[in-house]
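**Q** Shown below is the structure under consideration.
The values are calculated or read from the model by the stated rules, or taken from the named source; none is laboratory data. Just so you know, these numbers come straight off a predicted model, no measurement behind them. Every residue, glycine among them, receives a Cβ derived from its backbone with ideal geometry; neighbour counts consider all protein chains shown. SASA here: full protein model, heavy atoms, side chains in, ligands and nucleic acids out. Shrake-Rupley method; radii C 1.70, N 1.55, O 1.52, S 1.80 Å.
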Amino acid sequence: MSDPTNSFAALSLIVAPAVLTNACSILVLSTSNRLARAIDRARNLATQLESPKDIPGRFTALRLKEMDSSERRALMLLSALRLFYASLGAFAGAALTSLLGAAITEARFGALLATLEVVAVGAGFVGVAGLILGCVLLLRETRIAVLVVSEEATLLRQHFAQRTSA
């Protein structure tokens, strides 16, 4: 902090990580739900593949591809969750470090204050990096999910077009 007597500077160093922590918490909740849905989809696909009499032959290849995509999606979502949890920890560490720095703003602790400032900013950067990387993984996972739905829709259109023309 450039001016340790400025209470707004101290407050902003505490509030910014708190707001980012809240954002991470919401992303953790939504990513956890997405992971649960991806796992449920993989289990559903496994059940369908175990009883192939319910699936026309040309759909089996699609189901196997979907199973592969579900596994990739689940692993991406797990990685995103790890990043979001790391960001939560980093933001909590940044908030605590900033609070400690604001509490000991006396001149005789100059070196400690400088160290706390570096730690708080570093933790903030780690948190933001984790948040960004986790969001990139979510975007990639969403793209995979949409591609799978698109492939399935194309196959279903072809299947029903053949049935109605026969």
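**Q** What are the pairs with Cβ atoms under 6 angstrom where one residue, in segment 56-67, is surrounded by 15 or more Cβ atoms within 10 Å (Cβ to Cβ) and the other, located anywhere, is assigned to a helix (DSSP H, G or I)? Sequence gap at least six, or different chains.
**A** Leu62/Leu155; Arg63/Leu45; Arg63/Gln48; Arg63/Leu49; Glu66/Leu45; Glu66/Val148; Met67/Leu45
**Q** Another question, if that's okay. Taking the condition crowded, with 16+ Cβ neighbours inside 10 Å and within 28 Å of Thr21 (Cβ to Cβ), does Thr115 pass?
**A** On the way: crowded, with 16+ Cβ neighbours inside 10 Å: no; within 28 Å of Thr21 (Cβ to Cβ): yes.
No: the conditions fail for Thr115.
**Q** Can you find even one residue in segment 14-27 that is touching a Ser or Thr at 6+ places or on another chain (Cβ under 6 Å), modelled with pLDDT under 85 and open to solvent by less than 60 Å² (accessible area, probe 1.4 Å)? Reasoning before the result, please.
**A** Within segment 14-27, the first condition is being touching a Ser or Thr at 6+ places or on another chain (Cβ under 6 Å), and the residues that meet it are 14, 24.
Narrowing further to those that are modelled with pLDDT under 85: 14.
Keeping just the survivors that are open to solvent by less than 60 Å² (accessible area, probe 1.4 Å) gives 14.
Yes: segment 14-27 contains one or more residues that are touching a Ser or Thr at 6+ places or on another chain (Cβ under 6 Å), modelled with pLDDT under 85 and open to solvent by less than 60 Å² (accessible area, probe 1.4 Å).
**Q** Can you say whether Leu138 is buried (at least 16 other Cβ atoms within 10 Å of the Cβ), closer than 30 Å to Leu62 by Cα and not basic (Lys, Arg), as far as the supplied structure shows? First the steps, then the outcome.
**A** Numbers: buried (at least 16 other Cβ atoms within 10 Å of the Cβ): yes; closer than 30 Å to Leu62 by Cα: yes; not basic (Lys, Arg): yes.
Yes.
**Q** Being more than 23 Å from Met76 (Cα to Cα) and among the β-branched types (Val, Ile, Thr) is the filter; apply it to segment 122-166 and report the residue that is modelled with the lowest pLDDT.
**A** Filtering segment 122-166 for residues more than 23 Å from Met76 (Cα to Cα) gives 122-124, 153-166.
Subsequent filtering for residues that are among the β-branched types (Val, Ile, Thr) retains 154, 164.
Values: Thr154: 88, Thr164: 79.
Only one residue tops the list, namely Thr164.
**Q** Residues being surrounded by fewer than 17 Cβ atoms within 10 Å (Cβ to Cβ) and either within 21 Å of the chain's Cα centre (by Cα) or small (Gly, Ala, Ser) (or both): count how many of those fall in segment 93-112. Break it down into steps so the answer makes sense when it comes.
**A** Of the residues in segment 93-112, the ones surrounded by fewer than 17 Cβ atoms within 10 Å (Cβ to Cβ) are 96, 99-100, 103-112.
Next cut, either within 21 Å of the chain's Cα centre (by Cα) or small (Gly, Ala, Ser) (or both) only: 103, 107, 110-111.
Final tally of qualifying residues: 4.
**Q** Next up: In the set Leu131, Leu96, Leu88, Leu139, which member is assigned to a helix (DSSP H, G or I), free of Cβ contacts under 8 Å to residues at least 60 places away in the same chain, of a type outside the set (Ser, Thr, Tyr) and within 15 Å of Ala16 (Cβ to Cβ)?
**A** Numbers: Leu131 fails: free of Cβ contacts under 8 Å to residues at least 60 places away in the same chain; Leu88 fails: free of Cβ contacts under 8 Å to residues at least 60 places away in the same chain; Leu139 fails: within 15 Å of Ala16 (Cβ to Cβ).
Criteria check complete, one pass: Leu96.
**Q** For segment 145-166: of the residues being surrounded by fewer than 16 Cβ atoms within 10 Å (Cβ to Cβ), aliphatic (A, V, I, L, M) and part of a helix (DSSP H, G or I), which is farthest from the chain's Cα centre (by Cα)?
**A** Checking each candidate, the answer is Ala161.
**Q** Can you give me the number of residues within segment 13-52 that are among the charged types (D, E, K, R) and within 30 Å of Ala94 (Cβ to Cβ)? Can you show your working first?
**A** Taking segment 13-52 as the starting set, the residues that turn out to be among the charged types (D, E, K, R) are 34, 37, 40-41, 43, 50.
Checking the rest, the ones that are also within 30 Å of Ala94 (Cβ to Cβ) come to 34.
The qualifying residues number 1.
**Q** From the residues in segment 74-92 that are open to solvent by 40 Å² or more (accessible area, probe 1.4 Å) and out of contact with any Ser or Thr (no Cβ under 7 Å at 6 or more places or on another chain), which one is farthest from Glu151 (Cα to Cα)?
**A** This residue is Gly89.
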